[in-house]
Amino acid sequence: MLRKPCKQLEFQHLNPMSLIVQKYGGTSVGDVDRIKQVARRVKETHDAGNQVVVVVSARSGVTNDLIARAKALNPTPDEREMDMLLAVGEQETIALTAMALHALGVPAVSRTGTQAGILTDPAHTRARIKHISGGDIQAQLDAGKVVILAGFQGHAPDGQITTLGRGGSDLSAIAIAAALQADLCQICTDVDGVYTADPRLVPDAQKLDEIAYEEMLELASSGSKVMQSRAVEFAQKFKVIFEVRSSFNHHPGTIVKEEAASMEDVVVSGVALDKNQAKIVVSDLPDRPGTAAKLFNALAAADISVDMIVQNIGRDSKANMTFTVPQDDIYRAEKVVATSFPDEASGKLFEANHIAKVSVVGVGMRSHSGVAAKLFEALADAGINIQLVSTSEIKISVGIEPKDAETAARVVHAAFGLGATD
Ligand code: ADP
Ligand code: ASP
Ligand code: MG
């Protein structure tokens, strides 16, 4: 399984008997009425003669609530127990969605990640999918049933329940679409598609008709919550073309696919904002080969992903290293610094504080210059100070004060002409 690419999707001209994977996120199944609405949409698709696999998330807020309860009992809960707990959210919605379909006279059956044969590595709370057997999903579809699959979960080789990282139902949908060689994979959510920026923060953001995997990946890993970055990575690897669209209307959404030549004409496709980063400064490090390797190896061993890095040499030839990590990892990162450099004289944690990151993304950056200059100018004009910068071939990110985050996203969006034109 997971070898052959998803069959090419012809969005407008599906055969009468197509296999369609539809994923509904937390808001879309947020309460009983919303679940009824999802069931009606699934019935429409099924009545049109299609085989349908529905992947659902937990009701919105449920996963956060479960995490809060766990942390109220133990600030560092056991990760195996955490997965046992978190998988509950999706197990509720699969059963409710199946019941809602039964009430409409649609034959439907729910399946957990384990029942669908979603095998992962044993990295609890952030497991990676290794293989998908599909269990009896194809047989159930062939018997005329709609299959409702729990998103976000799988099982490790020893049978333990695992979860796939926050937002992981996106990954479940893409992966099952690849495994079943679905004709269509739709990620149905509470916005009409992928926009040039989060439409809740930047009111004149525009919906994109299509976006390249690479751009979607950079946006997702820079804080655009609309898709889980691992899901996009998986889609790119297994060539699953998918559509992000609304659960609440029938407007065409955004197609996420391989880069097309014309995409390079647009310099910047989108702006992402991540308000949950932390900046750590380690000062007085010995300025000699191996210091950075020691620090970043230790962070990597603790599975902490570091984003922006700046090194400068202070007085007395001591090095200062500044880097950013996700805010959730700050305490673990501090611990790593303290254990890597136990001797105060050979490196001390100077400060760790909250920071926001604004990124501009576009495959057109490969062939156009002046993107950094325009970004810096837009921020300067708004009186926003830049603390850190990082770049990749198709992305530039800046670290700024959290209080400036939303203004920064808006002014940068406007500077690159991404807003509505009229
Ligand atoms: P779901 O529960 O359906 O998985 P999420 O809340 O995870 O939905 O993701 C959808 C949200 O992503 C939207 O409500 C929107 O606020 C946010 N978002 C952030 N960046 C973007 C963007 N560039 N385009 C569309 N939505 C975005
Ligand atoms: N329920 C999980 C979460 O909140 C997975 C998902 O919604 O995609 O992260
Ligand atoms: Mg999501």
For this session: Name every residue in segment 32-67 that is open to solvent by 60 Å² or more (accessible area, probe 1.4 Å), farther than 30 Å from residue 142 by Cβ and not hydroxyl-bearing (Ser, Thr, Tyr), in order of residue number.
Result: 32, 33, 59, 64, 65
For this session: Filter segment 334-359 down to residues that are at pLDDT 90 or above and out of contact with any helix residue (DSSP H, G or I) (no Cβ under 6 Å at 6 or more places or on another chain) and give me whichever is nearest to residue 269 (Cα to Cα).
Result: 359
Exercise. For segment 138-151, how many residues meet the condition of being open to solvent by 10 Å² or more (accessible area, probe 1.4 Å) and either within 13 Å of ligand 3 (Cβ to nearest atom) or hydrophobic (A, V, I, L, M, F, W, C) (or both)?
Worked result: 2
For this session: Filter the strands (runs of 3 or more DSSP E) completely within segment 144-225 down to those with at least 2 residues that are among the β-branched types (Val, Ile, Thr) and touching a residue at least 12 places away in the same chain (Cβ under 8 Å).
Result: 146-150, 161-163, 184-189
Exercise. How many residues does segment 236-264 hold that are in a helix (DSSP H, G or I) and open to solvent by 40 Å² or more (accessible area, probe 1.4 Å)?
Worked result: 5
Problem set entry | Tally of residues being in contact with a Gly (Cβ under 8 Å, 6 or more places away or on another chain) and among the β-branched types (Val, Ile, Thr) across segment 144-162 | 2
Exercise. Within segment 172-197, which residues are open to solvent by 40 Å² or more (accessible area, probe 1.4 Å) and closer than 24 Å to residue 31 by Cα?
Worked result: 190
For this session: Report yes if some residue within segment 43-51 is touching a residue at least 60 places away in the same chain (Cβ under 8 Å) and in a loop (DSSP other than H, G, I, E, B); otherwise report no.
Result: no
Problem set entry | Residue that is in contact with an Asp or Glu (Cβ under 7 Å, 6 or more places away or on another chain) and open to solvent by less than 60 Å² (accessible area, probe 1.4 Å), where the choices are 124, 155 | 124
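The values are calculated or read from the model by the stated rules, or taken from the named source; none is laboratory data. The shown structure was predicted, so the numbers you read here are calculated from the model rather than taken from an experiment. Because the Cβ atoms are built from the backbone with ideal geometry, glycine has one as well, and the counts that use them run over all protein chains shown. Areas reflect the complete protein model, heavy atoms only, side chains present, ligands, DNA and RNA absent. Shrake-Rupley method; radii C 1.70, N 1.55, O 1.52, S 1.80 Å.
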